[in-house]
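Contents: one structure, followed by commentary.
The values are calculated or read from the model by the stated rules, or taken from the named source; none is laboratory data. Quick caveat, the model's predicted, so the values are computed rather than measured. Glycine also receives a Cβ, built like all others from the backbone with ideal geometry; neighbour counts cover every protein chain displayed. Side chains are part of the model used for accessible areas, which takes the heavy atoms of the whole protein and leaves out ligands, DNA and RNA. Shrake-Rupley method; radii C 1.70, N 1.55, O 1.52, S 1.80 Å.
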Amino acid sequence: MKNWKINIEEFFEKHNAKIQILILVGSLGLGAYFNIAQDHQLGIIIGLLVLISGELISLSIKDSITQRKLNNMGVKFEMARGGLFRVHDFNLSKFFYSTKSNFFISGMALNGFFEKNKGIIERFLNEGKEIFILIAAPNAVDENAKLYHGENLDLKTFRKKANAIYHKQSTTLDCLEEIENLFNFVENGKLKLRVAQSVMSTSFVAYDVFDRDVLPYNKNKVGKELKASFYQYKCTAPEEEPNIIVDSFYNRDWYLFFKRTIEMQWKDARPIENKLEFEKLRAEINEKIENNNSFSEGNKENE
């Protein structure tokens, strides 16, 4: 509904002079018709009423256009001076709806995302869209766990916390394996899975971020968007993490900054390109879990 309103306003703004002439001619025409068909007085009244009604509607549309422009100017000014951050919620419907060619998601484990959205990702793959997935490499989970849970834990507790992340990663792999013809998508490059060897301080969700056309925007002045969620020390509740959404029109500099970050992080990550490498990744995760369990059991025996 909002888009229809904006489209009407922009059409009116573009053709305002012609519309004013049509209102005038229309009112004169109706007035002349009723003047001939009935009596002179009624024709004049009808013509004036049509003219007044048309002008009132015209003024209302002009006022709406002016207000929208003022609002946009205010938002742009606030963003330019760094005084406004758009905080995003966990509803990614707009991101899914806006995806044209590729969808990117990154995070330590991503189990929550795939448990909720596996069906959408599968639909994207069947539509020919590319999916980019980046999770923490098994060898990097300990460093990520220090950020997530803190580094002042005793070793036994820390191993349990690290195992929680490994189990979440295993859940993500389980969700991916439920996708029909998963490994066909992996091997033909439609589903791209990589593991990051470094600490992941930020989780990203973005659509069409790998397109060459960086800053397209539609006639409503809305560009591409990406969401950045910032892992904070000892913050283990995703809903409490600070997160922002930036777009390529109003937040051009920030959008380009985060886009470069995503591209560099993706380039440096290790690719999982076939079923064998996928199973090897699962084996690495399971080995880490078993080693941590063995450590805990060994400690129990020594107590």
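Quick notes on this structure:
- Filtered by the rule that a residue be β-branched (Val, Ile, Thr) and touching a Ser or Thr at 6+ places or on another chain (Cβ under 9 Å), the stretch 241-283 gives Ile244, Thr261, Ile262.
- Residues of the stretch 216-235 that turn out to be small (Gly, Ala, Ser) and either surrounded by fewer than 17 Cβ atoms within 10 Å (Cβ to Cβ) or modelled with pLDDT of 85 or more (or both), as a count: 2
- Residue in the stretch 192-207 that is open to solvent by 10 Å² or more (accessible area, probe 1.4 Å), of a type in the set (Lys, Arg) and at pLDDT 90 or above present: yes
- Being more than 19 Å from Glu279 (Cα to Cα), in contact (Cβ under 8 Å) with a residue 12 or more places away in the chain and of a type in the set (A, V, I, L, M) is a condition met by at least one residue of the stretch 150-164.
- In the stretch 146-157, residue surrounded by the fewest Cβ atoms within 10 Å (Cβ to Cβ) [restricted to those that are among the charged types (D, E, K, R) and assigned to a helix (DSSP H, G or I)]: Lys156
- Every residue from the stretch 123-145 that is charged (D, E, K, R), in contact (Cβ under 8 Å) with a residue 24 or more places away in the chain and open to solvent by 40 Å² or more (accessible area, probe 1.4 Å): Glu130, Glu143
- For Leu176, the stated conditions do not hold, so it cannot be described as under 28 Å from Phe257 (Cβ atoms), crowded, with 18+ Cβ neighbours inside 10 Å and at pLDDT 90 or above.
- Filter result for Ile105 (under 19 Å from Ser203 (Cα atoms) and either open to solvent by 30 Å² or more (accessible area, probe 1.4 Å) or out of contact with any Cys (no Cβ under 8 Å at 6 or more places or on another chain) (or both)): yes
- Flag if Leu173 is under 20 Å from Gly112 (Cβ atoms) and either free of Cβ contacts under 8 Å to residues at least 24 places away in the same chain or assigned to a helix (DSSP H, G or I) (or both): yes
- Filtered by the rule that a residue be in contact with a Lys or Arg (Cβ under 8 Å, 6 or more places away or on another chain) and β-branched (Val, Ile, Thr), the stretch 136-166 gives a lone residue, Val141.
- Selection within the stretch 236-290 - of a type in the set (Val, Ile, Thr), open to solvent by 20 Å² or more (accessible area, probe 1.4 Å) and outside any helix (DSSP H, G or I): Thr236, Ile244
- Test: Asp213 is buried (at least 19 other Cβ atoms within 10 Å of the Cβ) and more than 29 Å from Ile289 (Cβ to Cβ): no
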